[in-house]
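**Q** Let me give you the structure first, and then I'll get to my questions.
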Amino acid sequence: MNAWTLTGLGMNAAVLLMAITWLICRQLNNAGYVDVAWSYAFALVVAIFFALGAGDPVRKALIAGMVTIWSLRLGTHLLIRVTRHHPQEDARYAALREQFPKRVWYMFFGFFQLQAVLVGLLAAPFAAACANPSPTLHPWEIAGAILWLMAISGEALADHQLNRFRADPANKGRVCQTGLWRYSRHPNYFFEWVIWVAYFVFALGTSGAWITIYCPLLMLYFLTKVTGIPPAEAQSLKSRGDAYRAYQRTTSAFIPWFPKSS
């Protein structure tokens with residue numbers, strides 16, 4: 001199958017998965033599990049691309065492995081977080097309930113389906129790679145794989161450092177400024193974005209795949225303007241107050257950099 005057909009199949013699979021997720025979330029009365037489903041959806045979609053794509057098996061296995069490892073790691077990380085706080089719902093979804101108090105679950109159904117469309121759009125670089133029949137890996141693909149390895153290692157390290165900090169009772173109410181968090185207020189989001197840059201770089205090994213440049217740009221917008229940094233900063237200001245304001249004054253919001261003197 002060509003890349004366009006694969007992309008269509010992937011989006012249909014995501015639509016079905018999000019419909020099932022909506023039923024589960026409605027039963028649990030917690031919309032937060034959609035984040036888990038969104039993350040796991042990419043493993044499902046790339047498995048379809050691997051099975052049905054007409055591309056070279058080595059290339060398909062490489063991109064499928066990259067996406068699956070990232071998808072399962074992020075999805076499981078979110079699942080643990082959501083389950084730990086269940087039945088309390090994430091503040092983002094609580095805010096949506098307040099904005100749409102009537103027929104809230106109909107609203108969530110539309111929201112979940114928008115997430116499915118986003119999965120389909122963001123999976124385009126994977127579809128392009130899985131449809132590429134060239135028997136030799138392109139230098140762009142090798143560069144993308146190396147960049148992906150660096151980025152997912154950085155994201156895992158940032159998550160580990162934050163979890164270790166929070167696990168210490170002595171740090172309750174304090175701001176994590178150790179390790180990567182000394183150089184960025186959101187190193188996990190930064191490396192998440194670099195992962196999507198790596199997918200785009202990998203896709204450049206396929207003719208015409210430059211069009212998927214919208215994927216890292218879209219993720220940059222969401223992470224810095226919508227679902228990533230803004231709600232995280234608002235919650236941190238609410239829970240840590242002046243300590244977090246001081247952290248904001250000295251530390252880069254996104255791209256890791258040396259802290260300013262306070």
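Bear in mind that the values in this text are calculations on the coordinates, not laboratory data. Quantities reported herein were computed from a predicted structural model and do not represent experimental measurements. When we count neighbours, we look across all protein chains shown, and the Cβ atoms used for this are built from the backbone with ideal geometry, even at glycine.
**Q** What size of dipole, in debye to the nearest 20, comes out for the chain about its Cα centre when the only charges are +1 on Lys and Arg C-beta atoms and -1 on Asp and Glu C-beta atoms? Could you put the intermediate results ahead of the total?
**A** Working: 22 positive and 12 negative charges, 179 e Å.
Rounded to the nearest 20 debye, it is 860 debye.
**Q** Given the DSSP H assignment, sum -39500 (n - 2.57) over each helix run of at least 4 residues in the chain and divide by its residue total; what's the result at 222 nm in deg cm²/dmol, nearest 500?
**A** Numbers: 11 runs with 185 residues, N = 262.
Computed mean residue ellipticity for the chain: -23500 deg cm²/dmol.
**Q** Here are a few candidate values for Cα extents along the principal axes in Å: (i) 47, 39, 38; (ii) 56, 48, 27; (iii) 56, 42, 38. Which one was actually calculated from the structure I just gave you?
**A** Read-out taken from this structure: (ii).
**Q** Would you list, by chain and number, the lysines whose Cα falls below 19 Å from the Cα of Lys238, excluding same-chain residues fewer than 8 positions away?
**A** Qualifying lysines at Cα under 19 Å: Lys172, Lys225.
**Q** Once you have a ≥ b ≥ c as the square roots of the Cα gyration tensor eigenvalues for the stretch 137-262, tell me rounded if a/c is under 1.5, and otherwise prolate or oblate according to whether a/b is larger than b/c.
**A** Values: a/c = 2.76, a/b = 2.07, b/c = 1.33.
Prolate shape, in that a/c is at least 1.5 and a/b is the bigger ratio.
**Q** How large is the dipole of the stretch 124-260 about the Cα centre if only Lys and Arg carry +1 and Asp and Glu carry -1, each at its Cβ, rounded to the nearest 20 debye?
**A** Working: 12 positive and 7 negative charges, 159 e Å.
In debye, rounded to 20, the stretch 124-260 gives about 760.
**Q** Continuing with the same structure: Using +1 at the C-beta of Lys and Arg and -1 at the C-beta of Asp and Glu, which of Ser207, His138, Trp70 has the Cα lying farthest in the positive direction of the dipole of the chain?
**A** Positive-most Cα among the choices belongs to Trp70.
**Q** I would also like to ask the following. Any idea what the relative contact order of the stretch 1-134 is, in percent, if you count C-alpha pairs under 8 Å spaced at least 6 apart? Before the final figure, lay out each step's value.
**A** Working: 172 pairs, mean separation 62.7, N = 134.
That works out to 47 percent.
**Q** Once the dipole of the stretch 1-134 is set up with Lys and Arg at +1 and Asp and Glu at -1 on Cβ about the Cα centre, which of Leu121, Ala37, Met11 lies farthest towards its positive end?
**A** Towards the positive end, the residue furthest out is Ala37.
**Q** Once each part is reduced to its C-alpha centroid, what is the distance from the stretch 112-133 to the stretch 183-262 in angstrom?
**A** The distance from the Cα centre of the stretch 112-133 to that of the stretch 183-262 comes to 21 Å.
**Q** Let me ask something else. Checking the cross-link filter: which aspartates and glutamates have an alpha carbon closer than 19 Å to that of Lys60, excluding same-chain neighbours under 8 positions apart?
**A** Those aspartates and glutamates meeting the cut-off are Glu141.
**Q** With the dipole of the stretch 137-262 worked out from charges on the C-beta (+1 for Lys and Arg, -1 for Asp and Glu) around the Cα centre, which of Pro230, Leu217, Tyr247 lies farthest toward the positive end?
**A** The listed residue farthest towards the positive side: Tyr247.
**Q** How big is the dipole moment of the stretch 137-193 about its Cα centre under a simple scheme where the beta carbon of each Lys and Arg is +1, that of each Asp and Glu is -1, and everything else is neutral? Debye, nearest 20, please.
**A** Details: 6 positive and 5 negative charges, 92 e Å.
For this selection, approximately 440 debye.
**Q** Next up: With a length cut of 20 Å (Cα positions projected on each helix's long axis) and a Kyte-Doolittle mean of at least 1.0, go through the chain and give me the DSSP H helices that pass. If you can, show how the numbers build up before the last one.
**A** Numbers: long enough: 3-28 (37 Å, 1.28); 33-52 (29 Å, 1.92); 57-85 (41 Å, 0.56); 104-122 (27 Å, 1.72); 139-167 (42 Å, 0.33); 187-203 (24 Å, 1.11).
Span-like helices here: 3-28, 33-52, 104-122, 187-203.
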